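A short worksheet on the structure shown next.
The values are calculated or read from the model by the stated rules, or taken from the named source; none is laboratory data. A quick note: this is a predicted structure, and the numbers were derived from the prediction, not measured. Because the Cβ atoms are built from the backbone with ideal geometry, glycine has one as well, and the counts that use them run over all protein chains shown.
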Amino acid sequence: MPNLASPWLEKQRHLIDFTLASLGRRKTKNLGLLVAYALLVFVLASLALFTNALRTEATFVLAGSPEVILQRMVAGRHDLIPPGYLDKIGRIRGVQKKEGRLWGYYYDPVVNANYTFMARPAEEVASGTIMVGATLARARGLAAGNVISFRSYSGKLFAFKVASVLSPDSELLSADLVLVSEADFRAFFEYPAGHYTDIALSVANPLEVRNIAAKLAEALPDSRPILREEVLRTYQSVFDWREGIVLTVLSGAILAFVILAWEKASGLSAEEKREIGILKAIGWETGDVIRMKLWEGLLISLTAFLLGFVGAYIHVFHFGAPIFEPVLKGWAVLYPRFTLVPAVDGLQIATLFFFTVFPYTAAVLVPIWRAAITDPDAVMR
Amino acid sequence: MIELSNIKKAFNQGKPNEYWALNGIDLTLEAGKVTAFRGPSGSGKTTLLTLVGCLSRPTSGRVRFRGEDISGLPERFLTEIRRQSFGFIFQQFNLIKGLSALENVILPGFPTGRPRAELVASASQLFAQLKLEHRLHAKVEWLSGGEQQRVAIARALINNPQVIIADEPTANLDTALCREFMAILESFTAAGKTVLLTSHDPLVVESSAVHRVVGIRDGKLTDD
Ligand SMILES: Nc1ncnc2c1ncn2[C@@H]1O[C@H](COP(=O)(O)OP(=O)(O)O)[C@@H](O)[C@H]1O
Ligand SMILES: [Mg+2]
C-alpha cells in the first residue's frame, strides 16, 4: 500500500531528531541562551502581570464603591459627619441613594496588622457577629462559627462570633475587612451617636457626577466630594508611572540581555558554518537546513518563553512580586499585605510573545539563511 | 557517462582578483571505471570535481550527466542529483563532530525520507563491509584517521550512488592505510560504481585499481 505522506513525515522526524542532537552538542551555548532569554521574559512578564493584576484589582475594588463620597473637613482634615448633616444635602437631581457610612481602622497587636472595621445594617450582620476577610481569617486561623475577641481602644474586651468568611473574589477588596453591625461598631469604637464617617452617594448617570459634585460643594462648603472616576484615573496613572519607573530602572539590564542573546543567537560559529556546508554537500536542501535551524530556534525560544512566563506567574501571584518590591513598595502602604488574584491578559501575552520569540527566531534565521544559500563547494577546500 | 565540453570556471568574476581556475576542459568519463586526476597544487583538480559533483556550476561550458545537461539546472535539482547519484569522500573527511559514526553515516539519507530503521540497517551493513562494526556508536572525534575515512566512505555510500567522488583521499593516510583504501576502490569497481579521484600520490595514480589518469595543469588538461 503506497503511502505518499510517510517519506515526508519521516523526513520531518529526521530533522527533529537531528535538531535535538544538535542542541545537545552545543550545550553551553544553548543553555546560556536559554537562561538569558528566559530571564528576560521573566522580568518583562513579571512586570506586565504585576501591573496588570494591580490595575484589574483597582478597577474591581472601585467598581463596588459609590460614585461619590462626601467627607467633612475641619481645619483641612477629614472629620466626622455630625447628626443632621445628611438631611442638609436635600434632594439633588440624579442622586439615587445617599447614606452615612461608618468605618474605621483597628490595629491588632496579635498579628501586627491593621483591619478595616465597617458597619453594616442589622439585616446583613447580626449584632454580636462579624464577617471577616479571607486574609485576616487565614492570619488569625478563623472559620465560620469561631469566636474572637478584640480589645477596643478604650481597653474593653469585645467577643464576636464569626458568621462567615468573606468570599475571596478580590482579596485586595476584603483582605483586612471586618464587617460588624452598626450597634456593635458604635459600642466598640465608642463612636458618638448620630455621627458618621462619611457619606456615600450613588449616581446612575456618569455624566452627571461632576455636576452633582459642584452642587454638593456649594450646598456644604465644609465638605469635600471624592469622585470614583478621579480616584480610578489617579490609580491608573500611578500604575503606569510605576511601571515606567521599573522599566527605566531595568532598561539597562534588559538591553544588555537583549544584546547578549542577539549576539549569541545570530553569531554563527565557523564550526556551524562548516556543518551547514557539509549537510548541503551530502545532499540536504537549503530548505532542510533552514527548517532544521528554525526548529532549533523555536525550540529554544519557546522553552525560554514558557519557563520565563511560568516563572513570572509564580513570582507575581504566589510570592507577590518580591523582586519589584523596592520600586513598587507604595502598594504596601496603600494596601497592607495582600495576594494578587491571578489575572492574565491575552493580548499582553501575545505582545510579549511576539516581541520576544519573533526577533529571536529572526536573529537565528538570518545568518543561517545566508550560510545556507551559498554554494556548498567550500567544503572541498 | 559524464561529458564535459569547453568547461571554464572563474572565481570572483568581474572583480580585480578574478581568477580562471579552469580554462576550457573537454573530457568524457566512462561509467564503471576509476579515473584519477593528477596535477600540481592549484591546477584546478578540486574545482573540476565540484563541477562534476553538482556542488557548483561552470562559468561557461556544459556538463552532461547520463546524457542530460546539468550545468544550467536550478539549485534544487542539482541537490537532488547530488543526493541520488554522487557520494563524496572529502580530503578533510568533513564528519560532524559530536555525533556518532552511525549518525554521521545516515545523515545523507534524511532528506530522502527513508525510515530510520532502514537507514540504520544499510549503515550497519556498510560498517561490516568496512570492518568498522565495533565503532558504530563511537563519537567521530574519538576515531583514528583511518577509521574516520572509513566512516566518510560509508557516508558516501549510504544513498547507493553511481558515482563516488574522492578529493585527495589518501593525503592524510600512511602507506598501509593507503593500500587499504586502494583495496576498497577495487570493491567499488566490482560493484559497478564510477569513481573520480584526485591525487598526486604515485601509490594511487600508478595503482592497478586506477583505470585512467588525467593530467591537469593551470586549468587545462595535459596530454598523457
Ligand atoms: N573560492 C575560490 N575563490 C578564489 N579562488 C579560488 C577559489 N577556489 C579555488 N580557487 C583557486 O583556483 C585554483 C584551483 O584551485 P583547486 O581546484 O583547489 O586546485 P587543486 O585542487 O588542483 O589544488 C587555485 O589557484 C585556487 O587558489
Ligand atoms: Mg585540491
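Within the stretch B:162-204, how many residues are assigned to a loop (DSSP other than H, G, I, E, B) and closer than 16 Å to B:Gln125 by Cα?
Qualifying residue count, the stretch B:162-204: 1.
I need every pair where a residue in the stretch B:80-108 that is under 18 Å from B:His134 (Cα atoms) has its Cβ under 6 Å from the Cβ of a residue that is within 16 Å of ligand 2 (Cβ to nearest atom), sequence separation at least 6 or different chains.
Close Cβ pairs satisfying both conditions: none exist.
Going through B:Thr28, B:Thr35 one at a time, which residue ends up being outside any helix (DSSP H, G or I) and within 16 Å of ligand 1 (Cβ to nearest atom)?
After applying the criteria, what remains is B:Thr35.
Going through the stretch A:65-81 one residue at a time, which ones are touching a helix residue (DSSP H, G or I) at 6+ places or on another chain (Cβ under 7 Å) and farther than 13 Å from A:Asp198 by Cβ?
The answer is A:Glu67, and nothing else.
Would you confirm whether any residue within the stretch B:112-130 is facing chain A (nearest Cβ under 7 Å), within 16 Å of ligand 2 (Cβ to nearest atom) and not basic (Lys, Arg)?
Scanning the stretch B:112-130, I find no residue that is facing chain A (nearest Cβ under 7 Å), within 16 Å of ligand 2 (Cβ to nearest atom) and not basic (Lys, Arg), so the answer is no.
Among the helices (runs of 4 or more DSSP H) lying completely within the stretch A:203-292, list those that include at least 2 residues that are more than 14 Å from chain B (Cβ to nearest Cβ) and modelled with pLDDT of 85 or more.
Qualifying helices (runs of 4 or more DSSP H): A:209-219.
Quick one: how many residues across the stretch A:361-381 are more than 8 Å from every other protein chain (Cβ to nearest Cβ), in a helix (DSSP H, G or I) and within 16 Å of ligand 1 (Cβ to nearest atom)?
Within the stretch A:361-381, residues that are more than 8 Å from every other protein chain (Cβ to nearest Cβ), in a helix (DSSP H, G or I) and within 16 Å of ligand 1 (Cβ to nearest atom) number 2.
Do the conditions hold for A:Leu70, that is, is it within 30 Å of A:Ala214 (Cβ to Cβ) and assigned to a helix (DSSP H, G or I)?
Against the criterion (within 30 Å of A:Ala214 (Cβ to Cβ) and assigned to a helix (DSSP H, G or I)), A:Leu70 does not qualify.
Which of (1) β-branched (Val, Ile, Thr); (2) within 28 Å of A:Leu23 (Cα to Cα); (3) surrounded by fewer than 23 Cβ atoms within 10 Å (Cβ to Cβ) does B:Thr79 not meet, given it meets every other one?
Against the list (1) β-branched (Val, Ile, Thr); (2) within 28 Å of A:Leu23 (Cα to Cα); (3) surrounded by fewer than 23 Cβ atoms within 10 Å (Cβ to Cβ), B:Thr79 comes up short only on (3).
Does B:Ile96 count as facing chain A (nearest Cβ under 7 Å), under 19 Å from the mean Cα position of the chain (by Cα), among the hydrophobic types (A, V, I, L, M, F, W, C) and more than 16 Å from ligand 1 (Cβ to nearest atom)?
yes
Going through B:Leu55, B:Leu49 one at a time, which residue ends up being aliphatic (A, V, I, L, M), within 16 Å of ligand 2 (Cβ to nearest atom), part of a helix (DSSP H, G or I) and within 20 Å of A:Val379 (Cα to Cα)?
Checking each option against the conditions leaves just B:Leu49.
It is to be established whether one or more residues within the stretch B:171-187 are more than 20 Å from B:Asn104 (Cα to Cα), within 13 Å of chain A (Cβ to nearest Cβ), touching a Ser or Thr at 6+ places or on another chain (Cβ under 7 Å) and within 16 Å of ligand 2 (Cβ to nearest atom).
No; the residues of the stretch B:171-187 include none that is more than 20 Å from B:Asn104 (Cα to Cα), within 13 Å of chain A (Cβ to nearest Cβ), touching a Ser or Thr at 6+ places or on another chain (Cβ under 7 Å) and within 16 Å of ligand 2 (Cβ to nearest atom).
Kindly establish whether B:Gly61 is more than 14 Å from chain A (Cβ to nearest Cβ), part of a loop (DSSP other than H, G, I, E, B) and more than 16 Å from ligand 2 (Cβ to nearest atom).
Taking the combined requirement at face value, the residue does not satisfy it.
Which residues, counting only those in the stretch A:72-88, are of a type outside the set (A, V, I, L, M) and either buried (at least 17 other Cβ atoms within 10 Å of the Cβ) or at positive phi (or both)?
A:Arg72, A:Gly76, A:Gly84, A:Tyr85
Name the helices (runs of 4 or more DSSP H) wholly inside the stretch B:66-160 in which the number of residues that are of a type in the set (Val, Ile, Thr), touching a helix residue (DSSP H, G or I) at 6+ places or on another chain (Cβ under 8 Å) and under 27 Å from A:Glu10 (Cα atoms) is 2 or more.
The qualifying helices (runs of 4 or more DSSP H) are B:101-106, B:145-157.
So, of the residues in the stretch A:349-364 that are in contact (Cβ under 8 Å) with a residue 40 or more places away in the chain and under 16 Å from A:Ile254 (Cα atoms), which turns out to be surrounded by the most Cβ atoms within 10 Å (Cβ to Cβ)?
A:Tyr360
Name the one entry in A:Leu62, A:Leu15 that is more than 29 Å from A:Gly311 (Cα to Cα), within 11 Å of chain B (Cβ to nearest Cβ) and not polar (S, T, N, Q).
The unique qualifying residue is A:Leu15.
Can you tell me which residue among A:Thr135, A:Thr248, A:Thr197 is closer than 21 Å to A:Arg120 by Cα and not assigned by TED's automatic domain parsing to the domain that holds A:Val111?
Testing whether each residue is closer than 21 Å to A:Arg120 by Cα and not assigned by TED's automatic domain parsing to the domain that holds A:Val111 leaves just A:Thr197.
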